[in-house]
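See below for the structure under consideration.
The values are calculated or read from the model by the stated rules, or taken from the named source; none is laboratory data. Keep in mind the model is a prediction, meaning the values are calculated, not measured. Neighbour counts run over all protein chains shown; Cβ positions are idealised from the backbone, glycine included. For accessibility, only protein heavy atoms count, side chains too; no ligands or nucleic acids. Shrake-Rupley method; radii C 1.70, N 1.55, O 1.52, S 1.80 Å.
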Amino acid sequence: RIDNAGNILIRRRGDSHSHAKPICVQAHMDMVTIADSWTGLSARDFRRSPIEAFVQDDWLRANGTTLGADNGIGVAGALALLLDKSIVGPLEVLLTTNEESGMTGARSLNASWVRSKVLINLD
């Protein structure tokens with residue numbers, strides 16, 4: 001499901017033998033589009049210039065920007081949970097928009113849209 005703000009809600013049914021209550025994991029889809037000063041840019045357009053990752057001294061780094069961990073890692077983690085067969089209870093994944101510059105996705109969310117009584121924020 002996608003609402004008018006662009007928030008996405010994905011539901012996965014629990015195992016038919018599970019009596020667990022649903023849990024919602026939430027992350028935001030936007031990120032700060034920062035660029036290193038040497039690039040001459042104030043922000044980075046990731047549609048035209050994707051993240052170039054590399055390993056340096058055993059650390060994963062990005063060329064000219066951040067790795068997008070806020071909150072790309074939250075989105076990736078939430079999606080990975082949907083694929084995890086060891087989780088037998090029902091799961092909701094809520095991906096919100098515009099957290100970095102106004103929280104409009106979360107602010108416009110209709111609370112009744114989420115069925116879970118427990119929400120874990122992955123930011």
Taking the residues in region 69-108 that are of a type in the set (A, V, I, L, M, F, W, C), open to solvent by 40 Å² or more (accessible area, probe 1.4 Å) and farther than 16 Å from residue 22 by Cβ as candidates, determine which candidate is modelled with the lowest pLDDT. 69
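Count, please, the residues in region 9-31 that happen to be among the hydroxyl-bearing types (Ser, Thr, Tyr) and open to solvent by 50 Å² or more (accessible area, probe 1.4 Å).
Here is the first cut: in region 9-31, the residues among the hydroxyl-bearing types (Ser, Thr, Tyr) are 16, 18.
Within this subset, residues satisfying the condition of being open to solvent by 50 Å² or more (accessible area, probe 1.4 Å) are 16.
Final tally of qualifying residues: 1.
Would you point out which residue out of 89, 105 is over 16 Å from residue 6 (Cα atoms), touching a residue at least 12 places away in the same chain (Cβ under 8 Å) and of a type in the set (Gly, Ala, Ser)?
89
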Give me the pairs: first residue in region 47-59 and under 16 Å from residue 72 (Cα atoms), second residue at pLDDT 80 or above and open to solvent by 80 Å² or more (accessible area, probe 1.4 Å), beta-carbon distance under 8 Å, and six or more apart or on different chains, which are they? 53/60; 53/61
